[in-house]
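Below: one structure, written as structure tokens.
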Amino acid sequence: MFSSRDFSLWSILKQCIGKELSKITMPVVFNEPLSFLQRLTEYMEYSYLLDRASQTSDPIERLQYVSAFAVSAISSNWERLGKPFNPLLGETYELDRSELGFRLISEQVSHHPPISAFHIDSPLYKFHGQIYPKLKFWGKSVDIHPKGYVTLELKKFNEVYTWQNVNCCVHNIIVGKLWVEHSGPMEIINHQTKHRAVLNFKQGGWFGKDLHKVEGYIYDPDKKKLKAIWGNWLMGLFSVNAGTYDAHVAAMPSSPPHTPKVNGAGGDAEDASDELPCKSFNSFDLNIPGQITLWQATPRPEDSAKYFSFTLFAMTLNEMMPEMNITLPPTDSRKRPDIRYLEEGKIDEAADAKNRLEEKQRQARKERKKQKGDWQPLWFETVKNQYTGKEEWAYKGDYWERDFSKCGDIF
Ligand SMILES: CC(C)CCC[C@@H](C)[C@H]1CC[C@H]2[C@@H]3CC=C4C[C@@H](O)CC[C@]4(C)[C@H]3CC[C@]12C
């Protein structure tokens, strides 16, 4: 990893207050060596939770595991402060993890606004969706709204679940240590049985008491609370009967008084930046009789901090195995020269390559405009999702036949 300490993020971003960030080009030192398509693949790090959900006959237990999956999908965002590369229009990424039971294909289907579509197949489930990351800069922080629904189909039960990704915020852009927070509600619906999980990602608050905490309930179709789910999005989740949980929490002594920080007068979460997430995690393992652990995060590899804070799963994503040179399409993220250079620590080469690719993309767009042509994604098309009622990008099929003769020359 190259140190970006000598570069001021603020000096670049100060021209952009209140603006959408997808249009500004950032120096490559603020990047991590992955494309956003590869980064999205990290949703699948804990794919075993989907296997587990498909293997239980109790719909409530299924929803518990689907909820754990939805939360686990963002756990790798902790401490990840590099910006993934914006995928080029038509860029694709595949990940064949048949030994884990799934394979994934994703494509950048739109450039302005940026939209990434993905589709994952397993013998047990299908998981697909699209993300429209909207980044907005508000001076002290960057707000990220990863718009778009994701859909999970459990084949054995003919069940469809949908949810929306939770909002994200990067704090301390001007001074201090950058850190990531997820906050807001996440609602996961089983459209067949009408069970719902409503989870709340809490804000750190004044003293960081609730930092990274997730808490919520599973409701039956009549909105009766069945199970409580609680934990922390970076480390793990637990569950127990809702009644037991509520009684336990009500009987808990209120938290010990805190000494307010002298300079911590603001009401926002920045004050919590020194709080150790591990410390607050202990208080989440409430040890309630009958509680079960739904999910626990795998610790980061020892040297992770020197490698963009990647998880082990993330470290595999840009690996180019010898046979891949032949099997991969020319549009696969692993073949992007700028990302590869950054991975190798060659900053100047990475910056040059990134400029060249972006220029090439602009030229191609001009050409299309002249010929009055429209861009057509190769592997996805728009359809209406019957459950969410929203237009979405659906996989057309055929990718794995590996006929890549129609792939554009984008790198
Ligand atoms: C310091 C600033 C300017 C650059 C760093 C911004 C980084 C941290 C931002 C840029 C794009 C962001 C991602 C955009 C969309 C998603 C999908 C969502 O489901 C989980 C969060 C996730 C994966 C975001 C994580 C944070 C992210 C990677």
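The values are calculated or read from the model by the stated rules, or taken from the named source; none is laboratory data. Predicted model, so just to flag it, every value in this text is computed and none were measured. Don't worry about glycine lacking a Cβ; one is built from the backbone with ideal geometry, like all the others, and counts go over all protein chains shown. In case anyone asks, the SASA skips ligands and DNA or RNA and just uses the protein heavy atoms, side chains included. Shrake-Rupley method; radii C 1.70, N 1.55, O 1.52, S 1.80 Å.
Of the residues GLU349, GLU302, GLU358, the single one that is over 30 Å from ASP246 (Cα atoms), part of a helix (DSSP H, G or I) and without any contact (Cβ under 8 Å) to a residue 24 or more places away in the chain is GLU349.
Those helices (runs of 4 or more DSSP H) of region 32-81 in which 1 or more residues are away from the ligand (no atom under 16 Å from the Cβ) and touching a residue at least 12 places away in the same chain (Cβ under 8 Å) occupy 48-54, 59-72.
From PHE284, PHE313, which residue is at negative phi and at pLDDT below 95? Lay out the reasoning, then the answer.
Working: PHE313 fails: at pLDDT below 95.
Of the residues listed, the single one that is at negative phi and at pLDDT below 95 is PHE284.
Restricting attention to region 323-337, does a residue exist that is closer than 27 Å to SER309 by Cα, free of Cβ contacts under 8 Å to residues at least 12 places away in the same chain and assigned to a helix (DSSP H, G or I)? Within region 323-337, one or more residues are closer than 27 Å to SER309 by Cα, free of Cβ contacts under 8 Å to residues at least 12 places away in the same chain and assigned to a helix (DSSP H, G or I). Does region 27-42 hold any residues that are open to solvent by less than 30 Å² (accessible area, probe 1.4 Å) and either under 18 Å from LYS134 (Cα atoms) or of a type outside the set (Val, Ile, Thr) (or both), and which are they? Within region 27-42, PHE30, ASN31, GLU32, PRO33, LEU34, SER35, LEU37, GLN38, LEU40, GLU42 meet the criteria. Within region 336-362, the set of residues being open to solvent by less than 30 Å² (accessible area, probe 1.4 Å) and charged (D, E, K, R) comprises ARG336, ASP338, LYS354.
Only residues that are open to solvent by less than 20 Å² (accessible area, probe 1.4 Å), of a type in the set (A, V, I, L, M, F, W, C) and touching a Ser or Thr at 6+ places or on another chain (Cβ under 7 Å): list them for region 170-189, please. Hits for region 170-189 are ILE173, TRP179, ILE188. Go through region 72-110 and give me each residue that's charged (D, E, K, R), over 15 Å from the mean Cα position of the chain (by Cα) and either over 25 Å from THR327 (Cβ atoms) or open to solvent by less than 50 Å² (accessible area, probe 1.4 Å) (or both). Scanning region 72-110 gives GLU91, GLU94, GLU107. Of all the numbered requirements in (1) within 20 Å of TYR43 (Cα to Cα); (2) among the aromatic types (Phe, Trp, Tyr); (3) open to solvent by 60 Å² or more (accessible area, probe 1.4 Å), TRP138 misses one, and that requirement is (1).
Screening region 12-26 for residues that are near the ligand (Cβ under 9 Å from one of its atoms) and open to solvent by 20 Å² or more (accessible area, probe 1.4 Å) and picking the one that is modelled with the lowest pLDDT gives ILE12.
Could we say that PRO113 is open to solvent by 20 Å² or more (accessible area, probe 1.4 Å) and touching a residue at least 24 places away in the same chain (Cβ under 8 Å) here? Answer is yes for this residue.
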